[in-house]
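The structure appears below as structure tokens.
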Amino acid sequence: MEMLTVQGGAPLRGDVYVDGAKNAALPIMAASILLNGDVRINRVPDLVDVQTMSLLLQSLGATVRHSDDILQIDTRRINLHHADYELVCRMRASVCVLGPLLARFGRASVSLPGGCNIGHRPIDLHLKGLAALGADLRIERGYVIAEATQLQGADIFLGGPGGSTVTGTCNVMTAACLAKGRTAIRAAACEPEVVDLARFLNAAGARISGPGTSIIEIDGVDELTSVSHTVVPDRIEAATFAIAATATRGSISIHNAQPEHMTSVLDALRAIGATISVTPNQIDISTAGPLNGVELAALPFPGIPTDTQAQFMALLATVPGVSVVTDRVFPDRFMHVSELLRMGARIRREGASVVIDGGSQLTGTRVMASDLRASAALVIAALAANGESQIRRTYHLDRGYTQLDQKLNGLGAKVLRREDNSPSPGGPHYLQKDSTVRNTSEQSFD
Ligand code: EPZ
């Protein structure tokens with residue numbers, strides 16, 4: 001197991017280049033199952049989650065090659081329709097193979113995803129959408145068993161108590177491509193990654209209109225053809241660097257970004273006091289003047305992405321003034337709070353929100369990552385802290401960021417990746433919101 005050692009206190013300066021979006025690449029990889037041929041996907045980062053999805057596709061019979069951020073998939077020899085628990089429990093996005101397997105082969109058995117560190121994450125809306133398309137669904141021994149001789153277009157409301165569902169929209173939109181007739185998905189997710197998946201599918205011959213709005217219409221076709229596609233930039237990675245630059249009071253240029261996918265993030269950073277200028281694929285951010293606290297709420301797109309909530313919280317802990325952070329997508333996504341407290345942050349839960357008495361000087365110490373974006377928050381806090389921090393369980397970080405340590409060192413940070421030979425405790429114990437103590441050593445992935 002690896003860990004990161006971070007020497008805090010250095011302002012980030014210089015240029016950084018973001019990769020393609022993990023959360024676009026994963027559903028696009030899954031959707032490649034729909035077609036019987038060759039798929040080339042450009043700008044696919046070499047992430048652990050991409051490796052997991054590749055293993056899953058290979059377990060179904062596909063051939064997958066990944067080099068120099070080009071992913072090539074041959075789906076001709078897919079002959080299995082079973083997504084095993086061992087792979088699905090590593091990554092919830094594996095559920096995205098359910099719709100395409102069902103649409104292409106008329107059947108699928110996909111393990112229910114395991115528990116999750118960022119909150120309750122059901123897939124009831126995925127199943128509701130596929131059932132509306134005519135699938136027979138049942139749960140057997142922890143697996144979703146889906147069957148449909150021919151999917152039929154339908155008018156589907158896909159909203160839930162937590163708003164729209166990103167991967168649920170991806171699953172249903174993908175399956176509807178081969179359904180007979182027209183499908184309308186209402187309360188569809190509007191995230192750029194859903195739009196990118198629609199672009200990929202349309203390039204392969206699908207007939208999808210309205211992606212990026214809350215109503216997506218799909219006219220079914222008989223088959224899709226081989227396709228080549230380039231993935232959109234990772235707005236969460238770009239946001240992570242922008243927030244880190246602000247937290248270290250630095251000045252950086254973020255290249256290969258797509259600022260129009262990040263207006264809420266840039267708006268929040270400006271409200272905190274950062275100076276930002278953008279061109280169509282670059283963001284320049286600096287922090288010359290004073291910074292101040294703000295009130296933030298994570299919302300579905302175009303709101304502040306929940307995947308940046310932890311990173312903002314780390315920044316706001318260093319900013320004078322009171323801030324309030326609420327996550328309307330994953331209301332309990334606060335596993336990072338306990339570790340930030342250990343670094344000297346002044347944070348308290350107030351119902352569904354977290355109140356931050358900002359401006360304390362964070363101090364480096366040993367901390368434990370709990371999930372992908374909480375890890376990024378701990379890196380940001382460590383970069384801003386006085387002294388050295390050690391961040392354990394770096395594997396969480398490697399699921400969503402390629403070479404984050406090297407990219408940060410290219411901006412003047414001092415981050416060292418090394419083996420973690422310290423004895424693994426029985427897992428960190430976190431005081432949950434309801435003050436129960438939960439041993440999280442056997443955690444599954446978000
Ligand atoms: C996607 O997860 C992302 N993952 C997540 O990023 C991201 O946090 C999330 O969307 C929200 O933007 C990928 O795209 C691979 P949802 P997803 O379904 O699709 C509720 C990261 O760090 N819901 O949009 O699983 C759910 O409980 C990851 O990169 C239902 O009620 O999230 C939540 O409250 C973490 N029933 C809300 O909808 C369902 O069937 C949004 O969840 C599905 C979801």
**Report entry** Virtual spin-label span in nm between Arg107 and Ala352, 7 Å along Cα→Cβ
**Finding:** 4.3 nm
Report task. Given the options Ala247, Ala310, Ala297, state which has the largest fluctuation in a GNM of the chain using a 10 Å cut-off (strictly under) for Cα springs. Result -> Ala297
Report summary line: For Thr363, Thr246, the accessible-area ranking with a 1.4 Å probe, largest leading, is Thr363, Thr246
Query raised in the report: Can you tell me the Rg and the Dmax, both Å, for the Cα atoms in segment 22-230?
Result: 15.2, 41
Query - Label-to-label distance, nm, for residues given as Thr230 and Glu260 (7 Å Cα→Cβ offset) - result: 1.6 nm
Report summary line: Place a point 7 Å from the Cα of Arg270 in the direction of its beta carbon; the residues of segment 295-329 whose amide N falls under 18 Å from it are 295-297, 302-305
**Report entry** Solvent accessible area, Å² - Phe157, 1.4 Å probe, full protein context
**Finding:** 120 Å²
Requested in this report: Per DSSP H run of n ≥ 4, the term is -39500 (n - 2.57); total these for the chain, divide by its residue number, and report the mean residue ellipticity at 222 nm rounded to 500 deg cm²/dmol.
Outcome: -8000 deg cm²/dmol
Query - Probe 1.4 Å, all protein chains present, accessible-area order of Arg328, Arg90, Arg399, largest first - result: Arg328, Arg90, Arg399
Query raised in the report: Using alpha-carbon positions, what is the distance between the centroids of segment 198-275 and segment 40-66, in Å?
Result: 21 Å
Report task. Treat every Asp and Glu Cβ in segment 22-230 as -1 and every Lys and Arg Cβ as +1, leave all other atoms uncharged, and give the resulting dipole magnitude about the Cα centre to the nearest 20 debye. Result -> 160 debye
**Report entry** Accessible surface of segment 98-164, 1.4 Å probe, proportion on carbon and sulfur as whole %
**Finding:** 51 percent
Report task. Could you order Asp69, Asp222 so the one with the most accessible surface comes first? Probe is 1.4 Å. Result -> Asp222, Asp69
Report summary line: Neighbours of Gly212 by Cβ distance under 15 Å: Lys/Arg at +1, Asp/Glu at -1, summed charge -2
Report task. Whole number in Å², please: accessible area per residue of segment 22-230, 1.4 Å probe, ligands, DNA and RNA not counted. Result -> 38 Å²
Requested in this report: Extending each Cα 7 Å along its Cβ direction at Arg249 and Ile70, get the distance between those two points in nm, one decimal.
Outcome: 4.6 nm
Query raised in the report: For the chain, what are the per-bin percents of Cα-Cα distances with bins 10 Å wide, up to the bin holding the maximum?
Result: 5, 22, 31, 25, 14, 3, 0
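The values are calculated or read from the model by the stated rules, or taken from the named source; none is laboratory data. Computed from a predicted model, the values in this text were never measured in an experiment. So basically every Cβ, Gly included, is an ideal-geometry build from the backbone, and we count neighbours across all protein chains shown. In case anyone asks, the SASA skips ligands and DNA or RNA and just uses the protein heavy atoms, side chains included. Shrake-Rupley method; radii C 1.70, N 1.55, O 1.52, S 1.80 Å.
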